Amino acid sequence: MTVVAVDGPVGSGKSTVVRRAAARLGYVYLDTGAMYRAVGLLAMEAGVALDDEEGLVALARGAGLAFDGDGRLFAGGRDVSAAIRSLEMGAAASQVSALPGVRRLLVEEQRRLAGSADIVMEGRDIGTVVFPDAAVKIYLTARPEVRAARRTAELRAEGDEVDEAEVLDALLERDRRDSTRAVAPLRKAAQAVELDTSEMTLDEVVAAVVAIARGQAGP
């Protein structure tokens with residue numbers, strides 16, 4: 001099994017890049033951040049507070065999270081892929097992911113889902129916690145204003161009327177929370193190749209990730 005671990009802050013383009021890179025490599029794609037977003041969504045729907053660790057662990061354990069072959073996430077058989085992509089769900093995921101019990105449970109699930117397949121997995125702690133021995137580690141980043149512009153474009157394309165300045169504020173707060181949490185903070189893994197995508201096109205980033213993966217994973 002070859003694991004390509006891709007970490008990085010919100011808005012760095014991980015989801016789109018990793019999905020395309022996985023397809024080009026012929027690997028399975030798994031978005032771990034979506035799992036935390038899903039738990040946040042289920043918590044809001046069930047009225048469970050986002051700081052209620054015991055309640056969230058129980059919710060996550062019974063969530064029935066599963067990915068299909070196209071990377072869509074299901075919770076109890078319901079496709080939640082679109083519902084989890086709002087700014088609100090991003091903030092919820094950041095809160096949920098800071099809770100040790102929730103993280104332990106979902107990390108175990110992520111390792112189980114990886115199984116024995118060649119996989120490209122994205123998140124914030126893949127190369128540091130989930131798969132610290134991954135053959136390939138990549139850290140995707142970009143300047144905050146670039147990430148905010150990209151995230152704004154994505155949200156508007158989905159029909160959300162958002163203000164770019166507000167998106168930037170939310171992004172910076174998410175960066176602060178993710179990088180300072182006590183459990184599995186966002187950071188570049190040792191030996192990870194850092195890619196600053198600020199001046200790169202999507203195709204260029206995908207090509208770079210594929211080249212790094214092929215170069216480090218070996219034949």
Notebook entry, point to check: Does Thr152 fit the bill of being under 28 Å from Leu25 (Cβ atoms), in contact (Cβ under 8 Å) with a residue 12 or more places away in the chain, part of a helix (DSSP H, G or I) and among the polar types (S, T, N, Q)?
Noted result: no
Note to self: Exactly one condition in (1) of a type in the set (Ser, Thr, Tyr); (2) out of contact with any strand residue (DSSP E or B) (no Cβ under 8 Å at 6 or more places or on another chain); (3) at pLDDT below 90 is false for Ser15; which is it?
What the structure shows: (2)
Margin query: Between Ala63, Ala34, Ala46, which is over 11 Å from the mean Cα position of the chain (by Cα) and surrounded by 18 or more Cβ atoms within 10 Å (Cβ to Cβ)?
Written below: Ala63
Next item on the list: Could you give me the residue pairs with C-beta distances under 8 Å whose first residue belongs to segment 102-117 and is under 19 Å from Ala43 (Cα atoms), whose second residue is assigned to a helix (DSSP H, G or I) and of a type in the set (S, T, N, Q) wherever it lies, and which are 6+ apart or on separate chains?
Entry: Leu106/Thr32
Margin query: Out of everything in segment 75-104 that is in contact with a strand residue (DSSP E or B) (Cβ under 9 Å, 6 or more places away or on another chain) and within 14 Å of Ser15 (Cβ to Cβ), what residue ends up being surrounded by the fewest Cβ atoms within 10 Å (Cβ to Cβ)?
Written below: Ser81
Notebook entry, point to check: Out of all the residues in segment 100-113, is one or more part of a loop (DSSP other than H, G, I, E, B), over 13 Å from the mean Cα position of the chain (by Cα) and at pLDDT below 95?
Noted result: no
Item checked: Tally of residues being buried (at least 22 other Cβ atoms within 10 Å of the Cβ) and not in a helix (DSSP H, G or I) across segment 114-138 -> 12
Next item on the list: Search segment 155-175 for residues being closer than 17 Å to Ile84 by Cα and touching a residue at least 60 places away in the same chain (Cβ under 8 Å), and hand back the single one that is surrounded by the most Cβ atoms within 10 Å (Cβ to Cβ).
Entry: Val167
Next item on the list: Only one of these is in contact (Cβ under 8 Å) with a residue 12 or more places away in the chain, closer than 17 Å to Val209 by Cβ and either more than 14 Å from the chain's Cα centre (by Cα) or surrounded by 17 or more Cβ atoms within 10 Å (Cβ to Cβ) (or both): Val3, Val39. Name it.
Entry: Val3
Item checked: Residue identified as charged (D, E, K, R), over 18 Å from Gly90 (Cα atoms) and out of contact with any Cys (no Cβ under 6 Å at 6 or more places or on another chain) among Asp203, Asp160 -> Asp203
Margin query: Among the numbered criteria (1) modelled with pLDDT of 90 or more; (2) over 25 Å from Val4 (Cα atoms), which one does Ala192 miss?
Written below: (2)
Notebook entry, point to check: For segment 176-207, how many residues are part of a helix (DSSP H, G or I) and either surrounded by fewer than 18 Cβ atoms within 10 Å (Cβ to Cβ) or touching a strand residue (DSSP E or B) at 6+ places or on another chain (Cβ under 6 Å) (or both)?
Noted result: 8
Notebook entry, point to check: Only one of Glu145, Glu173, Glu161 is within 28 Å of Gly127 (Cα to Cα), charged (D, E, K, R) and at pLDDT below 95; which?
Noted result: Glu173
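The values are calculated or read from the model by the stated rules, or taken from the named source; none is laboratory data. Remember, predicted model here, so these are calculated numbers, not experimental data. For neighbour counting, all protein chains shown are included, and Cβ atoms are generated from backbone atoms with ideal geometry for every residue, glycine included.
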